[in-house]
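The block underneath contains the structure these notes are about, expressed in structure tokens.
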Amino acid sequence: GQQVMQIPQYQHVQEGEDFTTYCNSSTTLSNIQWYKQRPGGHPVFLIQLVKSGEVKKQKRLTFQFGEAKKNSSLHITATQTTDVGTYFCAGWGGGFKTIFGAGTRLFVKA
Amino acid sequence: EPEVTQTPSHQVTQMGQEVILRCVPISNHLYFYWYRQILGQKVEFLVSFYNNEISEKSEIFDDQFSVERPDGSNFTLKIRSTKLEDSAMYFCASSEGRGPYEQYFGPGTRLTVT
């Protein structure tokens with residue numbers, strides 16, 4: 001079945017450093033969504049990418065969707081302690097199911 | 001801002017017992033979901049529900065699980081005979097449409113099976 005892989009599993013950064021997480025799907029996706037889960041919290045929607053090669057920015061966050069619509073990335077510039085949490089990509093290939101990646105847990109040291 | 005609510009926040013039950021987890025999705029949403037997250041692991045899709053029936057379910061969602069929308073607001077997940085490995089956080093989510101629509105997650109119910 002459809003799988004969504006995400007790397008790295010963990011990332012420790014010093015505050016002010018950049019951070020990137022990568023997401024790869026075994027199949028072409030119709031769209032990809034990104035969620036953030038704070039420790040002890042629930043997933044919160046960040047953004048959705050639909051078009052091939054799409055790039056979207058939210059302040060210090062940059063999201064990309066690959067040309068083949070099988071991979072995506074989230075890049076955070078100059079991390080802050082408030083960025084701490086787990087970032088999940090979630091792919092939709094059609095139907096009624098969204099497949100989540102394993103997530104990348106970000107630790108930011110002040 | 002509208003939000004998805006879930007009760008209880010924490011449920012402790014003995015192995016073999018039945019549990020019902022409750023969710024109130026956002027009122028104008030049409031699609032409802034249950035996900036499971038074992039501690040420290042990824043969010044796993046269990047089931048989606050639309051128009052009063054299951055639209056898709058995962059391999060995890062076996063005969064022990066059932067979902068229901070008993071009235072116009074509640075959406076429930078029942079586990080008939082709980083096992084130790086059912087211990088996890090269960091999230092309910094809802095969306096206006098399927099696919100390219102944001103899913104709003106509830107705060108979750110932590111289920112502990114002893």
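Observations on the structure shown:
- Amide H to amide H distances under 5 Å link B:Leu46 with B:Trp34, B:Tyr35, B:Arg36, where only residues 5 or more positions off or on other chains count and H is placed in the peptide plane.
- From most to least packed by mean Cβ count within 10 Å, the peptides B:71-82, B:32-43 give B:32-43, B:71-82.
- Using θ = phi - 60° and Karplus 6.51 cos²θ - 1.76 cosθ + 1.60, couplings along segment A:87-99 (whole Hz; Gly, Pro as x): 9, 10, 9, 9, x, 10, x, x, x, 10, 10, 10, 9
- Interface between chains A and B: roughly 1800 Å² of accessible area buried, both sides summed (probe 1.4 Å, protein heavy atoms only).
- Using θ = phi - 60° and Karplus 6.51 cos²θ - 1.76 cosθ + 1.60, couplings along segment B:12-20 (whole Hz; Gly, Pro as x): 10, 9, 8, 3, x, 7, 8, 10, 10
- Normalised by 2.2 N^0.38 Å, with N the number of residues, the alpha-carbon radius of gyration of chain B equals 0.99.
- Total formal charge among the other residues, if their Cβ is under 13 angstrom from that of A:Cys23, Lys/Arg +1 and Asp/Glu -1: +3
- Segment B:30-96, accessible surface, carbon-and-sulfur percent (1.4 angstrom probe): 43 percent
- Accessible surface of chain A, 1.4 Å probe: 51 percent of it comes from carbon and sulfur atoms.
- A Gaussian network model of chain B, with springs between Cα atoms under 10 Å, assigns the largest mean-square fluctuation among B:Glu44, B:Glu68, B:Glu102 to B:Glu102.
- Accessible area per residue, Å², segment A:4-109 with all protein chains present, probe 1.4 Å: 46 Å²
- Phi to ³J(HN,Hα) by Karplus 6.51 cos²θ - 1.76 cosθ + 1.60 over segment B:94-110, Hz, x for Gly, Pro: 9, 8, 5, x, 9, x, x, 10, 4, 9, 9, 9, x, x, x, 10, 8
- Per residue, in Å², the accessible surface of segment B:68-114 once ligands and nucleic acids are set aside, probe 1.4 Å: 40 Å²
- Note on A:40-50: average number of Cβ atoms from other chains within 10 Å of each residue's Cβ is 4.
- C-alpha center-to-center spacing [segment B:1-55, segment A:71-110] in angstrom: 21 Å
- Shielding of B:93-101 by partner chains, average beta-carbon count, 10 Å: 4
- Positive-end residue, chain B charge dipole about Cα centroid, Cβ charges, pick of B:Gln14, B:Ile60, B:Gly72: B:Gln14
- The Cα atoms of segment B:30-96 cover 32, 24, 20 Å along the three principal axes, with the biggest extent listed first.
- Summed side-chain charge close to A:Asp83 - residues other than A:Asp83 whose Cβ falls under 14 Å, Lys, Arg +1, Asp, Glu -1: +3
- Using the Cβ-Cβ distance between A:Gln80 and A:Thr27 with R0 = 41 Å, the FRET efficiency computed as 1/(1 + (r/R0)^6) comes to roughly 0.70.
- Among A:8-14, A:65-71, the order from most to least packed when residues are scored by Cβ within 10 Å on average: A:65-71, A:8-14
The values are calculated or read from the model by the stated rules, or taken from the named source; none is laboratory data. What you see is a predicted model; the values in this text were computed from it and never measured. Ideal geometry is used to build each Cβ from the backbone, glycine not excepted, and the neighbour counts take in all protein chains shown. Ligands, DNA and RNA are excluded from the accessible area calculation, which covers all protein heavy atoms including side chains. Shrake-Rupley method; radii C 1.70, N 1.55, O 1.52, S 1.80 Å.
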